[in-house]
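The values are calculated or read from the model by the stated rules, or taken from the named source; none is laboratory data. Computed from a prediction, not measured in an experiment: that's the story for all the values here. Heads up, the Cβs are rebuilt from the backbone with ideal geometry, glycines too, and the neighbour counts pull from every protein chain shown.
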Amino acid sequence: MDRKQLYKKASDLPKLPGVYIMRDKKNEVIYVGKAKRLKLRVTSYFREGANHMPKVEKMVSNVNDFDVIVVDSEYEALTLECSLIKQHRPKYNILMMDDKGFSYIRISKDRYPRITAELQKKKDDAEYIGPYISSFAVKQMTEVANTAFKLPTCTYQFEKVPRKRPCLNAHLGLCSAPCAGQISEEDYLASVENAKILLTKGTEEILTLLRSQMEEASENLEFERAARARDAIIAIEKLDAGQKVVKDGSNKNMDVFAFAGNEKDSCAVALIFRNGKLVDKREQVLSDTTDLAEVREEYLTHFYLGGNEPPKSILLDADVAYRDSIEQYLTERRGGNVKIQVPQRGEQKKIVEMAYQNAIERLKRETGRKSKAQSALGELANRLGLAVYPKRIELYDISNYGADAVGGMVVFVDGEPKKSEYRRFKIKTVQGIDDYASMREVLLRRVGRYDEGSPGFSNKPELILLDGGKGHLDTILEAVRDTSFAEVPICGSVKDDKHRTRGIVSQDGEIELAINKNAFVIVSKMQDEVHRYTIEYERNSHTKKAFRSSLLDIEGIGETRAKVLLKHFKTIRAVSEASVEELASVKVMSLPAAQKVWEYYHS
């Protein structure tokens, strides 16, 4: 079926919760989704002129038919969607599993075995521990084992003639130096066996064993062996203590999720805490996906499809749709209560921010070619909880002088000013000084120009920033509520006593930007620009009015002559210093009129 046929079929769907299943020409399932109202959701894919993200557009272009399953509730839709995704593993779904496959710990069968982290099993006779879902955890465990037992991580072949002097790692106490014969083969193999116990049974069991070995060696006066056990105990305890630890005893087991995005991609990061310690990190870059609200919802539900056991507590950087249904679904999977929270302060808030910084850094590595401004806008989008990257931002300011007021609109695209689309507004309907009413007039005139399709006003912004606080914000939100800009995110600014931007005010309250340096810098830059532009317009308007009014006080000088004189002489000072002959040489001027002007300024 073509898109028109698919749209017609979707138009007959009920406005009920359910799951939709997209199929290609081979009748294979390529996407599974859920919806509160099937008709509205499915028709949005096939509507003529729909502006989809590249990934969605590619999926839609491959759809030949679709099926739907109507259910009784949003929760049933969620559980059915997860079940179908797990069953079919559709091509275009965001599958929330480690995108790098399984990882292993490899212990070679050499005379002096090495312990290494591997992404896959090799066809050899080595011993493998695993598989593990997370490559991060495997690398961390391998590093701990090699460090604790001073096992070599170099590529030196120990079967060669022994070195006279060991390498730097031995001098730093990081290696037992089998290359220089500083440890016997028997003791080396014992260290490898202890490392295997650490890797397979954990720190508590290996520490108990090492303490026993140390006591036994001391009793037998084997001081060198006792010293090695003591050093291993100290190293393991130090490494164990150096892990990121949750001090709040109520949330020892928790998963922390944060998301960041730019104009093209997004990144999801999960930090896994068990027994109060950070034990794993998962991160995934999702190409051609910028709707963070959608990514957050899908990642959270699908993350636990790959065998990950949900903990009692889940922390998010922003709220998620279907929150109650997701909690219910995860509670059933866990066999115990699961609570989803968006922390606002304290240690938990700091841990979420740490996850967010990891997402930002990963996105920077993946998209190194992106500008610093685009990265800052990604941070801003996350702080404001925007669903999409704010490619186009419009800022508005009002300036008053006496009874006159003007408004300014500046435009930033990808963090850079687009001066060709700056616009000025002379306030027409407001009497006296009323910033709220003036801002309201400017925004409604902007919306009206957009609805009319006026040149320079045809693009809708992804974010509007007002040079004003909560009062301005409430006024504008009320004004645009039933207009074509009703869904555009709008925020105000919070200034310090020196009129410097220090934060953003949204419908949810004040948002500090100081913790996100790049976002803070770019917002300050944009606010300074709209203030400069509006003040400049107000001053020019006032100056021209003042100049023109002084000329109009002269007998015989009307509006036309005043304009031509200012255009010819540029400034009122030049007009006042001109001679009668110079004034008379202007084509609209007569000799008597020139004499009147000269006398006015020289009386």
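Can you tell which of 49, 33 is part of a strand (DSSP E or B), outside the structural domain of residue 302 (by TED's automatic domain parsing) and not hydrophobic (A, V, I, L, M, F, W, C)? Checking each option against the conditions leaves just 33. Every test in (1) at pLDDT 80 or above; (2) in a helix (DSSP H, G or I) is passed by residue 518 save one, and that test is (1). Filtered by the rule that a residue be among the polar types (S, T, N, Q) and within 37 Å of the chain's Cα centre (by Cα), region 401-441 gives 420, 438.
Residues checked against (1) under 20 Å from residue 106 (Cβ atoms); (2) in a helix (DSSP H, G or I); (3) not β-branched (Val, Ile, Thr):
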| site | (1), (2), (3) |
| --- | --- |
| 150 | yes, no, yes |
| 173 | no, no, yes |
| 179 | no, yes, yes |
| 183 | no, no, no |
| 206 | yes, yes, no |
| 209 | no, yes, yes |
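Listed by position, the strands (runs of 3 or more DSSP E) inside region 238-299 whose residues that are of a type in the set (Phe, Trp, Tyr) and modelled with pLDDT of 75 or more number at least 1 are 254-261, 266-274. Condition first: without any contact (Cβ under 8 Å) to a residue 12 or more places away in the chain and either in contact with a Cys (Cβ under 7 Å, 6 or more places away or on another chain) or hydroxyl-bearing (Ser, Thr, Tyr) (or both). Now tell me which residues in region 180-218 satisfy that. Result: 184, 208, 212, 218. Please verify whether residue 270 is aliphatic (A, V, I, L, M), in contact with a helix residue (DSSP H, G or I) (Cβ under 7 Å, 6 or more places away or on another chain) and buried (at least 21 other Cβ atoms within 10 Å of the Cβ), treating the condition exactly as stated. It is true that residue 270 is aliphatic (A, V, I, L, M), in contact with a helix residue (DSSP H, G or I) (Cβ under 7 Å, 6 or more places away or on another chain) and buried (at least 21 other Cβ atoms within 10 Å of the Cβ). Against the conditions (1) of a type in the set (A, V, I, L, M); (2) modelled with pLDDT under 85; (3) touching a Ser or Thr at 6+ places or on another chain (Cβ under 6 Å), residue 137 satisfies every one except (3).
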